[in-house]
Amino acid sequence: MIRAYIFLIGAAIIGIGFLGLSRIEKDAAMALMFGSLTLGGGFIICGLFSIKMLWHGVIGAGVLALISFGTGLFNLPDAAQYIVGERPRGNEPLFELAVTILSALLLTRILAACGKERRRRMLEENQN
(Lines give C-alpha, C1' and ligand atoms only; values in the text may rest on other atoms or scores of the structure.)
Protein backbone atom coordinates (compact mmCIF):
# COMPACT_ATOMS: atom_id res chain seq x y z
CA MET A 1 0.00 0.00 0.00
CA ILE A 2 2.81 2.42 0.82
CA ARG A 3 4.33 1.80 -2.61
CA ALA A 4 1.16 2.99 -4.33
CA TYR A 5 1.09 6.04 -2.06
CA ILE A 6 4.66 6.93 -3.06
CA PHE A 7 3.75 6.70 -6.76
CA LEU A 8 0.58 8.73 -6.18
CA ILE A 9 2.38 11.52 -4.33
CA GLY A 10 5.09 11.63 -7.02
CA ALA A 11 2.48 11.94 -9.77
CA ALA A 12 0.55 14.58 -7.80
CA ILE A 13 3.66 16.71 -7.33
CA ILE A 14 4.45 16.50 -11.05
CA GLY A 15 0.82 17.45 -11.72
CA ILE A 16 1.20 20.51 -9.48
CA GLY A 17 4.16 21.56 -11.61
CA PHE A 18 2.13 21.25 -14.81
CA LEU A 19 -0.75 23.15 -13.24
CA GLY A 20 1.64 25.89 -12.20
CA LEU A 21 2.65 26.42 -15.83
CA SER A 22 -0.77 27.85 -16.59
CA ARG A 23 -1.41 29.67 -13.31
CA ILE A 24 1.73 31.67 -12.49
CA GLU A 25 4.21 33.85 -14.37
CA LYS A 26 6.64 32.20 -16.76
CA ASP A 27 9.93 32.37 -14.83
CA ALA A 28 8.41 31.24 -11.55
CA ALA A 29 6.42 28.56 -13.40
CA MET A 30 9.55 27.13 -14.98
CA ALA A 31 11.30 27.04 -11.61
CA LEU A 32 8.27 25.32 -10.07
CA MET A 33 8.11 22.88 -12.97
CA PHE A 34 11.79 22.02 -12.66
CA GLY A 35 11.45 21.47 -8.92
CA SER A 36 8.28 19.41 -9.23
CA LEU A 37 9.78 17.21 -11.94
CA THR A 38 12.86 16.68 -9.79
CA LEU A 39 10.97 15.92 -6.58
CA GLY A 40 8.10 14.00 -8.17
CA GLY A 41 10.52 12.06 -10.34
CA GLY A 42 12.55 11.24 -7.24
CA PHE A 43 9.46 9.84 -5.55
CA ILE A 44 8.60 7.78 -8.62
CA ILE A 45 12.16 6.43 -8.75
CA CYS A 46 11.89 5.51 -5.06
CA GLY A 47 8.61 3.78 -5.84
CA LEU A 48 10.36 1.81 -8.57
CA PHE A 49 13.14 0.85 -6.15
CA SER A 50 10.51 -0.38 -3.72
CA ILE A 51 9.30 -2.96 -6.23
CA LYS A 52 12.43 -5.09 -5.80
CA MET A 53 13.51 -4.02 -2.31
CA LEU A 54 10.58 -2.50 -0.44
CA TRP A 55 12.36 -0.80 2.41
CA HIS A 56 15.13 0.69 0.27
CA GLY A 57 12.58 2.59 -1.79
CA VAL A 58 10.40 3.49 1.20
CA ILE A 59 13.29 4.87 3.24
CA GLY A 60 14.57 6.77 0.20
CA ALA A 61 11.14 8.31 -0.29
CA GLY A 62 11.09 9.16 3.42
CA VAL A 63 14.37 11.02 3.14
CA LEU A 64 13.09 12.91 0.09
CA ALA A 65 9.85 13.75 1.89
CA LEU A 66 11.77 14.98 4.94
CA ILE A 67 14.00 17.23 2.83
CA SER A 68 11.02 18.53 0.86
CA PHE A 69 8.99 19.18 3.99
CA GLY A 70 11.90 20.95 5.66
CA THR A 71 12.44 23.13 2.61
CA GLY A 72 8.74 23.83 2.35
CA LEU A 73 8.64 25.14 5.91
CA PHE A 74 10.74 28.10 4.77
CA ASN A 75 7.94 29.01 2.34
CA LEU A 76 5.24 29.20 5.04
CA PRO A 77 5.66 32.96 5.65
CA ASP A 78 4.91 33.58 1.97
CA ALA A 79 1.82 31.39 2.20
CA ALA A 80 0.69 33.31 5.27
CA GLN A 81 1.12 36.59 3.39
CA TYR A 82 -0.90 35.15 0.52
CA ILE A 83 -3.74 34.18 2.86
CA VAL A 84 -3.74 37.65 4.45
CA GLY A 85 -4.03 39.24 1.04
CA GLU A 86 -0.52 40.41 0.20
CA ARG A 87 0.47 38.69 -3.04
CA PRO A 88 3.84 39.95 -4.26
CA ARG A 89 4.68 36.50 -5.73
CA GLY A 90 1.25 35.79 -7.21
CA ASN A 91 -0.12 32.27 -6.76
CA GLU A 92 3.28 30.62 -6.34
CA PRO A 93 3.03 30.24 -2.51
CA LEU A 94 -0.12 28.13 -2.91
CA PHE A 95 1.66 25.63 -5.13
CA GLU A 96 4.62 25.49 -2.75
CA LEU A 97 2.25 24.96 0.17
CA ALA A 98 0.54 22.11 -1.69
CA VAL A 99 3.89 20.37 -2.26
CA THR A 100 4.79 20.88 1.41
CA ILE A 101 1.49 19.34 2.55
CA LEU A 102 1.90 16.36 0.22
CA SER A 103 5.43 15.82 1.49
CA ALA A 104 4.23 15.97 5.10
CA LEU A 105 1.49 13.43 4.35
CA LEU A 106 3.94 11.07 2.71
CA LEU A 107 6.42 11.49 5.56
CA THR A 108 3.80 10.60 8.17
CA ARG A 109 2.67 7.55 6.18
CA ILE A 110 6.25 6.35 5.83
CA LEU A 111 6.95 6.84 9.53
CA ALA A 112 3.79 4.89 10.35
CA ALA A 113 4.80 2.08 7.97
CA CYS A 114 8.29 1.93 9.53
CA GLY A 115 6.77 1.72 13.01
CA LYS A 116 4.40 -1.02 11.90
CA GLU A 117 7.28 -2.99 10.37
CA ARG A 118 9.33 -2.56 13.53
CA ARG A 119 6.49 -3.93 15.66
CA ARG A 120 6.03 -6.84 13.24
CA ARG A 121 9.71 -7.72 13.43
CA MET A 122 9.73 -7.49 17.23
CA LEU A 123 6.74 -9.83 17.47
CA GLU A 124 8.31 -12.21 14.99
CA GLU A 125 11.52 -12.23 17.05
CA ASN A 126 9.62 -12.96 20.25
CA GLN A 127 7.88 -15.94 18.66
CA ASN A 128 11.20 -17.55 17.72
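I'm trying to understand the selection: among the residues of the stretch 98-128, which are modelled with pLDDT of 90 or more, over 11 Å from the mean Cα position of the chain (by Cα) and more than 17 Å from L54 (Cβ to Cβ)?
M122, L123, listed by residue number.
This table checks each residue for (1) over 17 Å from F69 (Cα atoms); (2) modelled with pLDDT under 95.
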{"position": "M1", "(1), (2)": "yes, yes"}
{"position": "I13", "(1), (2)": "no, no"}
{"position": "L21", "(1), (2)": "yes, yes"}
{"position": "K26", "(1), (2)": "yes, yes"}
{"position": "A29", "(1), (2)": "yes, yes"}
{"position": "L32", "(1), (2)": "no, yes"}
{"position": "L39", "(1), (2)": "no, no"}
{"position": "K52", "(1), (2)": "yes, yes"}
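Please list, ordered by first then second residue, the pairs with beta carbon atoms under 7 Å, 6 or more apart or interchain, first in the stretch 61-85 and under 12 Å from A98 (Cα atoms), second small (G, A, S) and part of a helix (DSSP H, G or I).
S68/S103; F69/S103; F69/A104; G72/S103
Between residues in the stretch 103-128 that are over 27 Å from N75 (Cβ atoms) and residues that are surrounded by 10 or more Cβ atoms within 10 Å (Cβ to Cβ) and at pLDDT below 95, which pairs lie under 8 Å by C-beta distance while being six or more apart or on different chains?
E117/W55
With a cut-off of at least 2 residues that are closer than 27 Å to R121 by Cβ, name the helices (runs of 4 or more DSSP H) lying wholly within the stretch 7-89.
26-52, 54-73
Looking only at residues in the stretch 51-65 that are surrounded by fewer than 21 Cβ atoms within 10 Å (Cβ to Cβ) and in contact with a helix residue (DSSP H, G or I) (Cβ under 6 Å, 6 or more places away or on another chain), which one is farthest from L37 (Cα to Cα)?
Out of the qualifying residues, it is H56.
Mind counting the residues in the stretch 29-43 that are touching a residue at least 24 places away in the same chain (Cβ under 8 Å) and surrounded by fewer than 18 Cβ atoms within 10 Å (Cβ to Cβ)?
Within the stretch 29-43, residues that are touching a residue at least 24 places away in the same chain (Cβ under 8 Å) and surrounded by fewer than 18 Cβ atoms within 10 Å (Cβ to Cβ) number 1.
The values are calculated or read from the model by the stated rules, or taken from the named source; none is laboratory data. Keep in mind the model is a prediction, meaning the values are calculated, not measured. Here the Cβ is made from the backbone with ideal geometry for all residues, glycine too, and neighbour counts use every protein chain on show.
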